[in-house]
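The values are calculated or read from the model by the stated rules, or taken from the named source; none is laboratory data. The structure presented is a predicted model; accordingly, all values stated were derived computationally and were not measured. All Cβ positions, even for glycine, are placed from backbone atoms using ideal geometry, and neighbour counts span all protein chains on display.
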Amino acid sequence: MVRAASLLLVALSTVSAAEPSLTHLYPAAGQQGTTVSVTASGKFDPWPAQVWVDAPGVAFTATKTKGKFDVAIAKDAAPGPHLVRVFNQDGASIPRFFIVSTEPELAEIEPNDDFQSPQRIASLPATISGRLDKPGDVDSFGVTLKKGETLNARVEAYVLASSFDAMLRIVDPNGVELAFDHDDGQTLDPNLSWEAPHDGTFVVQLMGFAYPATADVHLTGGEGCVYRLHLTTAPQPRFHFPPSDPTQGPEIVQEHGSTETGGQIIPIPCFVSGCLAKPGEEDHFAFTAVKQKNYTFQVISARAGAPLDAWVAVENKDGQVLRRNDDTDGQRDPQLTWTAPSDGVFQVVLGDVTHHGGPDFVYRLTVAEAPPSATGTATSHAITVVAGKTAEIKTAVKFANGFKTKLHLAAKNLPAGVSAAEVEVPEKGGEVTLKMSAAADAPAASQPVQLVLRETESGGEHRVIYPMTTSGENNGVPQAYTELVINSTDQLWLTVTSTTPVAVADKTEATK
């Protein structure tokens, strides 16, 4: 896969510095064809800092004020989220997010805490880039609606790895609460729809608690409490399912629900769109399996914004459960892989963990053969090697569904003077260590590189990724970000330290 990487480098100094850190960018977005003033949170010594963006058309230029950049966004810059790193001769920060928008981005303007003096939003739709600046901060926005208009308000904060758990509410001019939402089921970000009972001006208020949660229960604020608030009266889909791929199987609409065996017959592969319309309902689908073949069953529901907390199971013709799954990798939507013990007809069954149901309990079930696969996950986003020495980076390799092809772990797009001998991957996978060596006269460098799992015979490659998402709980309290605007990257970072400075100016590279 070819990816463009826009590199903005200045001459690397030989002055001693610490590896920079980057936690957030504010605002977190800008419109195509504009220049935006952006404040970065983190540690940047020395200043001015150097910045890398994962695509051309987004150029960060450091100003005289530490932590502030002018970001020039080209008219043809790729819309959507991008990864940004700050780096120096000692290393690079973990990537953070900047979004290129096709529509104007309004700036949140303080003071706007009081519902009686909100920031007026002249027209809808509108997207506001804002931040809860201090503990107890509440940002208020006034919108004018006509009777019967539906206001849709959606927040991006959790998906930006922001340090607060957002809440939305709508109040009238007297401060009476008319609507409230905390999270949309897909993430901790709220998504609220409300119909105006009469003509008038109403106030949308955004606030939040600290995330990850602390023992103190009070409204939070600070440099990490960055958000985007989307407001519109245009009709919005209630649920957001990713498009199905017709080349990967037909889309089938569930005909009926049943709590008995002998469900609707489906082909493999296919996508099934269904709904658990009544409490306690279970949907059964019959399919024909071949002995020793692997099959995968994946449910999308909570990720689409539905309230369904699904489980999925495979049963034999007698209704005996052969395999069952509830949550997967910290997500409410389940996925399981199953090996058929014999030829015959089996059933995939889907239900709700809490036995609820209703017209909003919709889902998409993907059923397919599970091909052999190999995945590589880097344990670090960056590596630093000193000229004349070696450094190591580890990759966790996993095989699934009978993958047997021999692989080597290899590095690509290394700078001059750096080499890395390919390492054979054990038959059972596991942790593999790659050593990078820098020649004694290797020039200083700071750039993205890639790791791949290369098939020994065919030369085919499986990219190694670094996960941006995290998982974990503390006594049942979420501590992680399981869904972000970008969940992973194959752009790792290599720093070569040397007494020989190097200068690279405005270079655009294509990396595979």
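The set of residues from the stretch 113-132 being outside any loop (DSSP other than H, G, I, E, B) and under 17 Å from Leu25 (Cα atoms) comprises Thr127, Ile128, Ser129, Gly130, Arg131.
Of all the listed residues (Leu188, Leu206), the sole one being touching a residue at least 60 places away in the same chain (Cβ under 8 Å) and closer than 17 Å to Asp113 by Cβ is Leu206. The condition of being buried (at least 17 other Cβ atoms within 10 Å of the Cβ), within 30 Å of Phe239 (Cβ to Cβ) and under 26 Å from the mean Cα position of the chain (by Cα) holds for Ala370. Inside the stretch 42-58, can you point out the residues that are farther than 17 Å from Asp76 by Cβ and surrounded by 19 or more Cβ atoms within 10 Å (Cβ to Cβ)? Correct list: Phe44, Ala49, Gln50, Val51, Trp52.
Scanning the stretch 462-510 for residues that are modelled with pLDDT under 95 and touching a Gly at 6+ places or on another chain (Cβ under 6 Å) returns Ser471, Gln479, Ala480, Thr482. Count, please, the residues in the stretch 332-365 that happen to be farther than 13 Å from Glu315 by Cα and assigned to a loop (DSSP other than H, G, I, E, B). Qualifying residue count, the stretch 332-365: 13. Sort through Gly33, Gly80 and tell me the only one that's at positive phi, more than 23 Å from the chain's Cα centre (by Cα) and outside the structural domain of Tyr227 (by TED's automatic domain parsing). So the residue among Gly33, Gly80 that is at positive phi, more than 23 Å from the chain's Cα centre (by Cα) and outside the structural domain of Tyr227 (by TED's automatic domain parsing) is Gly33.
Being surrounded by fewer than 17 Cβ atoms within 10 Å (Cβ to Cβ) and under 21 Å from the mean Cα position of the chain (by Cα): is that true of Thr61 here? Against the criterion (surrounded by fewer than 17 Cβ atoms within 10 Å (Cβ to Cβ) and under 21 Å from the mean Cα position of the chain (by Cα)), Thr61 does not qualify.
Of the residues examined, Asp343 is one that is surrounded by fewer than 18 Cβ atoms within 10 Å (Cβ to Cβ), modelled with pLDDT of 95 or more and of a type in the set (Asp, Glu). Listed conditions (1) modelled with pLDDT under 95; (2) in contact with a helix residue (DSSP H, G or I) (Cβ under 9 Å, 6 or more places away or on another chain) are all met by Pro371, apart from (2).
For the stretch 212-235, a residue qualifies if it is more than 30 Å from Asp199 (Cβ to Cβ) and in contact (Cβ under 8 Å) with a residue 12 or more places away in the chain, and the qualifying residues are Pro212, Ala213, His218, Leu219, Thr220, Gly221, Gly222, Glu223, Gly224, Cys225, Val226. The number of residues in the stretch 448-473 being under 18 Å from Tyr158 (Cα atoms), in contact (Cβ under 8 Å) with a residue 60 or more places away in the chain and of a type outside the set (Gly, Ala, Ser) comes to 2. When the stretch 100-146 is limited to residues that are under 26 Å from the mean Cα position of the chain (by Cα) and of a type in the set (Ser, Thr, Tyr), the one that is nearest to Ala55 (Cα to Cα) turns out to be Ser101.
Taking the criterion of being among the acidic types (Asp, Glu) and either assigned to a strand (DSSP E or B) or not assigned by TED's automatic domain parsing to the domain that holds Pro173 (or both), the only residue of the stretch 133-144 that qualifies is Asp139. Checked against the criterion of being of a type in the set (A, V, I, L, M, F, W, C), free of Cβ contacts under 8 Å to residues at least 60 places away in the same chain and surrounded by fewer than 18 Cβ atoms within 10 Å (Cβ to Cβ), the candidates Ala400, Ala439, Ala445, Ala391 yield just one match: Ala439.
When the strands (runs of 3 or more DSSP E) confined to the stretch 41-111 are screened for residues that are out of contact with any Gly (no Cβ under 9 Å at 6 or more places or on another chain) and under 24 Å from Pro467 (Cα atoms), those reaching at least 2 such residues are found at 50-53, 80-88.
Here Val253, Val217, Val204 are screened, and the one residue that is modelled with pLDDT under 95, outside the structural domain of Glu282 (by TED's automatic domain parsing) and either aliphatic (A, V, I, L, M) or surrounded by 15 or more Cβ atoms within 10 Å (Cβ to Cβ) (or both) is Val217.
Scoring Pro242 on the criteria (1) loosely packed, with under 14 Cβ neighbours inside 10 Å; (2) modelled with pLDDT of 85 or more; (3) not charged (D, E, K, R) leaves a single failure, condition (2). Do the conditions hold for Asn316, that is, is it touching a residue at least 24 places away in the same chain (Cβ under 8 Å) and closer than 30 Å to Gly91 by Cβ? Taking the combined requirement at face value, the residue does not satisfy it.
Assess whether Lys291 counts as being in contact with an Asp or Glu (Cβ under 6 Å, 6 or more places away or on another chain), at pLDDT 85 or above and either among the charged types (D, E, K, R) or assigned by TED's automatic domain parsing to the domain that holds Gly351 (or both). So Lys291 fits the description; yes. In this structure, is Ala306 surrounded by 15 or more Cβ atoms within 10 Å (Cβ to Cβ), more than 19 Å from Glu483 (Cβ to Cβ), in contact with a strand residue (DSSP E or B) (Cβ under 9 Å, 6 or more places away or on another chain) and assigned by TED's automatic domain parsing to the domain that holds Lys278? So Ala306 fails the test.
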